[in-house]
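Take a look at the structure set out below.
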Amino acid sequence: MQYYKLMYDYENDTNKGLVIINEKNLEFERYDVNGGEKLAANYISCRKEDGKTVETDYLGNNLAWFLVSERLKTLLLEFNIFNTQFIPIKNDDSNKNIGYLVNIIDKVNAMDISKSLIKKVTYHKDGKEETHNSVIKYALQEKEIGDRDLFSLDGYNIPIFISERLKNGMEKSKITGCDYQKIHVS
């Protein structure tokens, strides 16, 4: 099966506006999202960017999290998403739910290091030299993915991947705000 890296569609975002997450009110650290643990939060407070509306199903936001509309959440639940948590996002002004944070708890060890393009980046932090692998191009091992339609990789919190089956479902349903990058699969 073919897989895609799922991203927010910044290129076609014409004055859509951002969801601004209030980090001070979070019940967890912002980097805990997609860290493979269930988050202890009943909801997350936010506001909409002044003077703009949030009109897409993948909601652009200041923390680059995977935030989705009710419509996209409903569609995701029709697919094999395994252990995924949806936390309501509530508008501070109206106390209304405007979407959900998608926290992918199950991590898949499917990175094909030999076929991925990775650059080692060295930097200094607190007087110590540290090395970090920066992935330029992902390659995945299909046998490790199984029948998952939505997943993230063990050791990599940020990228989210979807199956071709889910991508087709999203396109058929005219889900907005998404961009897809085809991934090499071995």
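Would you please put 34-40, 90-96 in order of how densely packed they are, using the mean number of other Cβ atoms within 10 angstrom per residue and starting with the highest? Let's see the in-between values first.
Working: 34-40: 14.9, 90-96: 11.7.
Highest to lowest by the protection proxy: 34-40, 90-96.
Please turn the phi angles of region 113-126 into ³J(HN,Hα) values with the Karplus equation 6.51 cos²θ - 1.76 cosθ + 1.60 (θ = phi - 60°), one per residue in order, whole Hz, x for glycine and proline.
Here the 3J(HN,Hα) series is 4, 5, 10, 7, 9, 10, 10, 7, 10, 10, 9, 10, 9, 6 Hz.
Could you tell me the calculated FRET efficiency between Asp147 and Phe86, based on Cβ-Cβ distance and R0 = 25 angstrom, to the nearest 0.05? It would help to have the intermediate numbers written out before the result.
Working: r = 21 Å, r/R0 = 0.82.
Given R0 = 25 Å and the Cβ-Cβ separation, E is 0.75.
Once you have a ≥ b ≥ c as the square roots of the Cα gyration tensor eigenvalues for the chain, tell me rounded if a/c is under 1.5, and otherwise prolate or oblate according to whether a/b is larger than b/c. Don't jump to the answer; show the numbers that get you there.
Working: a/c = 1.68, a/b = 1.24, b/c = 1.36.
Oblate.
Could you work out how far apart the two model spin labels at Tyr31 and Asn62 are, taking each label as a point 7 Å from the Cα in the direction of the beta carbon, and quote it in nm?
My value for the distance between the label points is 1.9 nm.
Subtract the Cα-Cα distance of Lys125 and Met1 from 0.36 nm times their separation in residues, and report this length gain in nm to one decimal.
Values: separation 124, 0.36 × 124 = 44.64 nm, distance 4.08 nm.
Difference between extended and current length: 40.6 nm.
Cα to Cα, under 17 Å, and not fewer than 8 places away if on the same chain: which lysines meet these conditions relative to Lys172?
Lys73
Taking the alpha-carbon centroid of each part, what is the distance from region 162-186 to region 17-41 in angstrom?
Using only Cα atoms to place each centre, the spacing works out to 25 Å.
Count the lysine pairs in region 85-148 whose Cα atoms lie under 17 Å apart, taking only pairs 8 or more positions apart in sequence or on different chains. Show your work: numbers first, answer last.
Values: Lys107/Lys143; Lys115/Lys137; Lys115/Lys143; Lys119/Lys137; Lys120/Lys128; Lys120/Lys137.
For region 85-148, the number of qualifying lysine pairs is 6.
No lab work stands behind these numbers, since they all come straight from the coordinates. As the structure is a computational prediction, the values presented were derived from the model and not from experiment. Every residue, glycine among them, receives a Cβ derived from its backbone with ideal geometry; neighbour counts consider all protein chains shown.
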